[in-house]
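The values are calculated or read from the model by the stated rules, or taken from the named source; none is laboratory data. Owing to the predicted nature of the structure, the values given are computational and were not obtained by experimental measurement. Note that each Cβ is placed from the backbone with ideal geometry, even for glycine, and that neighbours are counted across all protein chains shown.
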Amino acid sequence: MTEIPYKIYLEESEMPTQWYNVRADMKNKPAPLLNPATLKPITFDELRPVFCDELIKQELDDETAYFDIPTEIRDFYKMYRPSPLVRAYCLEKKLGTPAKIYYKFEGSNTSGSHKLNSAIAQAYYAKNQGLKGVTTETGAGQWGTALSMACSYLGLDCRVYMVKCSYEQKPFRREVMRTYGANVTPSPSETTEVGRRILAEFPGTSGSLGCAISEAVEAAESMEGYRYVLGSVLNQVLLHQSIIGLETKIALDKYDIKPDIIIGCAGGGSNLGGLISPFVGEQLRGEAEYQFIAVEPASCPSLTRGRFGYDYCDTGKVCPLAKMYTLGSGFIPSASHAGGLRYHGMNSVLSQLHHDGIMEARAVEQTSVFEAAVEFARVEGILPAPESSHAIRVAIDEAMKCKETGEEKTIVFGLTGTGYFDMYAYEKYNNGVMSDYIPTDEEIARGVAGMPNVE
Ligand SMILES: *Cc1c(COP(=O)(O)O)cnc(C)c1O
């Protein structure tokens with residue numbers, strides 16, 4: 001058998017030329033988005049004031065399996081893709097596990113995460129439509145950074161609403177965005193009606209992705225030539241992120257490797273959805289079987305403790321409703337350090353897959369996540385993002401189970417990004433003062449009680 005290298009790199013020419021839409025292979029399609037005013041399935045025309053035309057088509061298409069990646073986007077991808085699939089030999093050795101561990105590393109671009117894969121696509125379609133600029137929200141800052149990079153590359157204006165606690169915790173992220181020419185506002189802010197309303201109701205709030213989304217949507221609708229773009233949660237984002245899974249599959253196939261377990265962290269679900277899509281597709285078509293595991297923070301446990309039903313995607317209730325696992329759009333998670341995972345809901349494709357028993361979910365606590373992050377960093381070299389470290393935690397847990405049973409399972413996980421802007425969080429961990437906040441059953445019940453009464 002051929003020796004598997006530490007890093008499996010693909011040639012530029014091996015990079016996929018199409019994105020894969022897993023919805024095409026789903027028998028139980030995700031439920032349609034609903035118009036918040038009429039509660040009827042939302043139409044292309046109703047979405048046009050908010051989103052770019054081409055992206056709406058992708059959002060609403062449950063049938064087309066493959067979408068061509070435009071040449072301009074592929075050219076941008078070539079700056080940092082194909083990304084490596086790494087065999088974690090050093091981690092395996094350290095753990096003393098018979099398991100074989102691989103990770104797909106998406107952190108080798110300046111934005112430091114997988115978010116750039118969708119940012120460039122969304123900015124490209126906005127530019128193609130002749131728009132002046134885009135508005136968005138950012139939690140941890142990775143999406144805002146990615147979008148700033150994509151917009152500056154294409155000459156589009158970029159307005160970012162950044163969740164206030166991240167804005168304060170991560171001033172350097174903010175400066176990277178400004179360096180790439182973006183305009184950054186802490187959210188909730190006084191610059192929008194919805195921001196003023198939220199501030200009046202919850203003075204001193206540290207903000208949430210749900211609030212920032214409402215503000216960015218309002219800003220887009222009130223400015224001529226602007227549209228709103230979103231870095232996660234939506235099906236179009238999952239589609240763009242399928243490049244992660246497609247490349248992973250090509251790399252594995254090259255060496256005839258068949259994964260048993262595929263693991264990803266889940267905030268809004270885009271990296272996990274992108275990573276598992278091609279494999280889920282195989283399973284849905286009856287060609288293979290895998291174990292898929294979504295990992296979420298115990299502080300924001302939408303899949304493991306939320307309810308499956310229609311909910312608002314934002315706190316201000318201006319966005320369409322999606323059927324998903326949710327903690328309720330009014331749920332404001334505690335200020336954890338995995339900012340990119342602080343979202344009350346979950347992408348509707350992943351929600352449906354979880355509901356149908358195809359994908360399982362686990363919630364993990366913050367200190368155990370950082371313990372895994374440090375263990376990983378010390379042997380594999382890469383300093384992981386707190387979000388990504390959720391996947392590392394469960395990959396290590398699964399590898400340790402193999403150590404007990406002697407099973408030589410093949411584990412693949414998504415390493416979504418680097419944590420250089422998260423050193424405040426690492427400092428807390430290193431000083432032994434990191435806390436684990438887990439919402440009570442009452443808090444969860446209060447959150448889901450705010451869900452709209454829609455079947
Ligand atoms: C945003 C982000 C996530 C979570 O977002 P998903 O849409 O669930 O993928 C995970 N890791 C990193 C590094 C991020 O920036």
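Close contacts from the stretch 26-47, counting a first residue that is among the β-branched types (Val, Ile, Thr) and a second that is in a helix (DSSP H, G or I), with Cβ to Cβ under 9 Å and a gap of 6+ residues or different chains, come to 38/46; 42/60; 43/60. The single residue among 194, 229, 217 that is within 16 Å of the ligand (Cβ to nearest atom) and of a type in the set (Val, Ile, Thr) turns out to be 229.
Residue-by-condition table, conditions (1) assigned by TED's automatic domain parsing to the domain that holds residue 345; (2) touching a strand residue (DSSP E or B) at 6+ places or on another chain (Cβ under 6 Å); (3) of a type in the set (A, V, I, L, M); (4) within 16 Å of the ligand (Cβ to nearest atom):
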{"residue": "130", "(1), (2), (3), (4)": "no, no, no, no"}
{"residue": "139", "(1), (2), (3), (4)": "no, yes, no, yes"}
{"residue": "142", "(1), (2), (3), (4)": "no, yes, no, yes"}
{"residue": "148", "(1), (2), (3), (4)": "no, yes, no, yes"}
{"residue": "161", "(1), (2), (3), (4)": "no, yes, no, yes"}
{"residue": "165", "(1), (2), (3), (4)": "no, no, no, yes"}
{"residue": "175", "(1), (2), (3), (4)": "no, no, no, no"}
{"residue": "184", "(1), (2), (3), (4)": "no, yes, yes, no"}
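Scanning the stretch 374-392 for residues that are of a type outside the set (Val, Ile, Thr) and either outside any helix (DSSP H, G or I) or within 12 Å of the ligand (Cβ to nearest atom) (or both) yields 381, 383, 384, 385, 386, 387, 388, 389, 390, 391. So is residue 268 outside any strand (DSSP E or B), over 19 Å from residue 82 (Cα atoms) and touching a residue at least 40 places away in the same chain (Cβ under 8 Å) or not? So residue 268 passes the test. Within the stretch 115-130, the set of residues being of a type outside the set (Ser, Thr, Tyr) and buried (at least 24 other Cβ atoms within 10 Å of the Cβ) comprises 115, 116, 117, 119, 120, 121, 122, 123, 126. Checking each residue in the stretch 290-328 for being more than 18 Å from residue 231 (Cβ to Cβ), assigned to a loop (DSSP other than H, G, I, E, B) and either in the same structural domain as residue 43 (by TED's automatic domain parsing) or among the hydroxyl-bearing types (Ser, Thr, Tyr) (or both) picks out 290, 299. Looking at the stretch 114-213, the helices (runs of 4 or more DSSP H) lying wholly inside it that each contain 3 or more residues that are modelled with pLDDT under 95 sit at 164-169, 171-179, 193-201. Would the stretch 425-437 turn up any residue that is buried (at least 16 other Cβ atoms within 10 Å of the Cβ) and more than 26 Å from residue 169 (Cβ to Cβ)? Looking through the stretch 425-437, none of the residues is buried (at least 16 other Cβ atoms within 10 Å of the Cβ) and more than 26 Å from residue 169 (Cβ to Cβ). Evaluating residue 281 against the criteria (1) away from the ligand (no atom under 16 Å from the Cβ); (2) under 17 Å from residue 364 (Cα atoms) leaves one unmet condition, (2).
Yes/no matrix, rows are residues, columns are (1) in contact with an Asp or Glu (Cβ under 8 Å, 6 or more places away or on another chain); (2) buried (at least 24 other Cβ atoms within 10 Å of the Cβ):
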residue	(1), (2)
171	no, no
175	no, no
179	no, no
208	no, yes
246	no, no
255	no, no
266	yes, yes
269	no, yes
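In the stretch 18-27, what count of residues is obtained for those that are loosely packed, with under 12 Cβ neighbours inside 10 Å and within 23 Å of residue 73 (Cβ to Cβ)? Result for the stretch 18-27: 0. Confirm whether residue 152 is in the same structural domain as residue 187 (by TED's automatic domain parsing), closer than 12 Å to residue 182 by Cα and out of contact with any helix residue (DSSP H, G or I) (no Cβ under 8 Å at 6 or more places or on another chain). Spelling it out, residue 152 is indeed in the same structural domain as residue 187 (by TED's automatic domain parsing), closer than 12 Å to residue 182 by Cα and out of contact with any helix residue (DSSP H, G or I) (no Cβ under 8 Å at 6 or more places or on another chain). Restricting the first member to the stretch 227-255 and to residues that are in contact (Cβ under 8 Å) with a residue 40 or more places away in the chain, and the second to residues that are surrounded by fewer than 24 Cβ atoms within 10 Å (Cβ to Cβ) and among the β-branched types (Val, Ile, Thr), the beta-carbon pairs closer than 6 Å and six or more apart or on different chains are 228/50; 251/8; 255/4. Of everything listed in (1) within 16 Å of the ligand (Cβ to nearest atom); (2) closer than 30 Å to residue 353 by Cα; (3) in contact with a Leu (Cβ under 9 Å, 6 or more places away or on another chain), the single unmet condition for residue 254 is (1). From the list 55, 91, the one residue that fits, being farther than 22 Å from residue 238 by Cβ, among the aliphatic types (A, V, I, L, M) and assigned to a helix (DSSP H, G or I), is 91. Exactly one residue among 363, 385 is in contact with a helix residue (DSSP H, G or I) (Cβ under 9 Å, 6 or more places away or on another chain), surrounded by fewer than 22 Cβ atoms within 10 Å (Cβ to Cβ) and in the same structural domain as residue 436 (by TED's automatic domain parsing), and that residue is 363.
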